[in-house]
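One structure is given here, and the rest of the page talks about it.
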Amino acid sequence: MSSTESPRGPVDSSRVPRYAGPATFARLPRLDEVGRADVAVVGVPFDSGVSYRPGARFGGNAIREASRLLRPYNPAQDASPFALAQVADAGDIAANPFNINEAVETVEAAAADLKNTGARLMTLGGDHTNAQPLMRSVAKSNGPVALLHIDAHLDTWDTYFGAEYTHGTPFRRAVEEGILDTSALSHVGTRGPLYGKQDLTDDEKMGFGIVTSADVMRRGVDEIADQLRQRIGDRPLYISIDIDVLDPAHAPGTGTPEAGGLTSRELLEILRGLSSCHLVSADLVEVAPAYDHAEITSVAASHTAYELTTIMSRQIAAAKADKEAKRATTTTTGRSSPPRRPPPY
């Protein structure tokens, strides 16, 4: 698809039932069917970095299955995301399940290849180990990025069983590597017991601000979203979401569940409140369908990815419109236009 062609959207559900056909995200075309994408939805079926229950390697396809019921108009954001920008399913990045370091390199290289086409990424995990190479690929094209980490856990451990790359360490590694803007780092939804208070002390030294799940409950989503917008400012933003930020009542299908989490409504409303932030890419991880019931978790995840995709599509369309307007102004008043002669006296 050329940059001037209209985006190709989902399969027409009035002609093909939602439960029929390939389970691409939101029934969108595959990347190889359209040639290029403004937003590439890509799976990373890798969960060798988990510390408790495995199974997130199957999360991406579970989210795709649940996304069959998504529709092309998003009333909460008053936008038709798949008409505003070309969104396509880029399939999966195949990473070595027996070698974490090699898997990290593979994910980084594949994500960078997609980013180099000009696409923003909506990545479906997999476990949170994947966030590290994904953030690296984004920082290569955007420089150090602001981070919004939405999770029940801090994920800023140093090592686990001596391993530097696990689902509990990605954000410490990212800070150490200088790929994050440490003036704009936020955790949202954290809760539950820790190994010690030092975890919080270390986290603060790295520059993270923390909004707990109790803060969201007491202060409300509008105030939290406003606080986050002010912290993020106009910096390029990367959002990383662990589905276990939701209470187990809303997301039982995950590897490390914690009581007292956000509702799916609260998560969606916080994201909608960030629609003005410059979202350059995002990931959604830790959906483990083996522990799910009636697709509760994967349905919540599919709607979360839909909101993130909508934000990116709106911003891409706005940037294109702004570019066209500037081009039209240049054509009308630019140097290439013949100079205007002064009126005769």
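Which pairs do you get when a residue that is free of Cβ contacts under 8 Å to residues at least 12 places away in the same chain, found in segment 81-99, comes within reach of a residue that is open to solvent by 10 Å² or more (accessible area, probe 1.4 Å), reach meaning Cβ atoms under 7 angstrom, with the pair 6+ apart or on two chains?
Short answer, once both residue conditions are applied: N96/E102; N96/T106.
Identify the residue in segment 228-253 that is within 14 Å of G273 (Cα to Cα) and among the charged types (D, E, K, R) and, among all such residues, is surrounded by the most Cβ atoms within 10 Å (Cβ to Cβ).
It comes out as R231.
Is it true that S276 is under 17 Å from T310 (Cα atoms), surrounded by fewer than 20 Cβ atoms within 10 Å (Cβ to Cβ) and out of contact with any His (no Cβ under 7 Å at 6 or more places or on another chain)?
It is true that S276 is under 17 Å from T310 (Cα atoms), surrounded by fewer than 20 Cβ atoms within 10 Å (Cβ to Cβ) and out of contact with any His (no Cβ under 7 Å at 6 or more places or on another chain).
Looking at (1) open to solvent by 10 Å² or more (accessible area, probe 1.4 Å); (2) in contact (Cβ under 8 Å) with a residue 12 or more places away in the chain, which one does E102 not meet, given that it meets all the others?
Condition not satisfied by E102: (2).
Within segment 254-273, can you find the residues that are over 18 Å from the mean Cα position of the chain (by Cα) and open to solvent by 30 Å² or more (accessible area, probe 1.4 Å)?
Passing the criteria: P257, E258, A259, G260, T263.
Here is a list of conditions, (1) crowded, with 24+ Cβ neighbours inside 10 Å; (2) farther than 19 Å from G49 by Cα; (3) touching a Lys or Arg at 6+ places or on another chain (Cβ under 9 Å), and R120 meets all of them except one; can you say which number that is?
The failed condition is (3).
(1) open to solvent by 70 Å² or more (accessible area, probe 1.4 Å); (2) closer than 21 Å to A321 by Cα: which one isn't true of N61, the others all being true?
(2)
Which of the residues belonging to segment 156-193 are part of a loop (DSSP other than H, G, I, E, B) and in contact (Cβ under 8 Å) with a residue 12 or more places away in the chain?
Hits for segment 156-193 are T156, W157, D158, Y165, T166, H167, G168, T169, G178, I179, R191, G192.
Could you grab me the full set of residues in segment 234-260 that are in a strand (DSSP E or B), closer than 15 Å to L271 by Cβ and either touching a Cys at 6+ places or on another chain (Cβ under 8 Å) or not polar (S, T, N, Q) (or both)?
Scanning segment 234-260 gives L237, Y238, I239, I241, D242, L246.
Residues that are surrounded by 20 or more Cβ atoms within 10 Å (Cβ to Cβ) and closer than 19 Å to E164 by Cβ: does segment 137-146 have at least one?
yes
When you look at D113, is it open to solvent by 50 Å² or more (accessible area, probe 1.4 Å), of a type in the set (D, E, K, R), over 24 Å from I270 (Cα atoms) and in a loop (DSSP other than H, G, I, E, B), yes or no?
Answer is no for this residue.
Go through T169, T212, T201, T182 for me and flag whichever is under 18 Å from V285 (Cβ atoms) and at pLDDT 95 or above.
After applying the criteria, what remains is T169.
G178 fails exactly one of the following numbered conditions: (1) over 23 Å from I100 (Cβ atoms); (2) surrounded by fewer than 17 Cβ atoms within 10 Å (Cβ to Cβ). What is the number of that condition?
(1)
Inspect all residues belonging to segment 232-253 and state whether any of them is more than 18 Å from the chain's Cα centre (by Cα) and basic (K, R).
no
I'm trying to understand the selection: among the residues of segment 24-50, which are surrounded by fewer than 16 Cβ atoms within 10 Å (Cβ to Cβ) and not in a helix (DSSP H, G or I)?
Within segment 24-50, R30, G35, R36 qualify.
Looking at segment 275-289, can you tell me whether even one residue there is over 22 Å from Y52 (Cβ atoms) and out of contact with any Leu (no Cβ under 8 Å at 6 or more places or on another chain)?
yes
How many residues does segment 64-87 contain that are among the hydroxyl-bearing types (S, T, Y) and open to solvent by 70 Å² or more (accessible area, probe 1.4 Å)?
1
If you go through segment 55-89 one residue at a time, how many are charged (D, E, K, R) and outside any helix (DSSP H, G or I)?
Count: 3.
Looking only at segment 3-22, decide whether some residue is assigned to a loop (DSSP other than H, G, I, E, B), closer than 30 Å to T129 by Cα and modelled with pLDDT under 95.
Looking for residues that are assigned to a loop (DSSP other than H, G, I, E, B), closer than 30 Å to T129 by Cα and modelled with pLDDT under 95, one finds at least one in segment 3-22, hence yes.
Among the residues of segment 215-227, is any touching a Gly at 6+ places or on another chain (Cβ under 8 Å), surrounded by 14 or more Cβ atoms within 10 Å (Cβ to Cβ) and either assigned to a strand (DSSP E or B) or modelled with pLDDT under 95 (or both)?
Checking segment 215-227: not a single residue is touching a Gly at 6+ places or on another chain (Cβ under 8 Å), surrounded by 14 or more Cβ atoms within 10 Å (Cβ to Cβ) and either assigned to a strand (DSSP E or B) or modelled with pLDDT under 95 (or both).
The values are calculated or read from the model by the stated rules, or taken from the named source; none is laboratory data. Only a predicted model underlies this, so the values are computations on that prediction, with no experimental measurement involved. No Cβ is skipped: glycine too gets one built from the backbone with ideal geometry, and neighbour counts run over all protein chains shown. We work out accessible area using only protein heavy atoms, side chains counted, and drop any ligands, DNA or RNA first. Shrake-Rupley method; radii C 1.70, N 1.55, O 1.52, S 1.80 Å.
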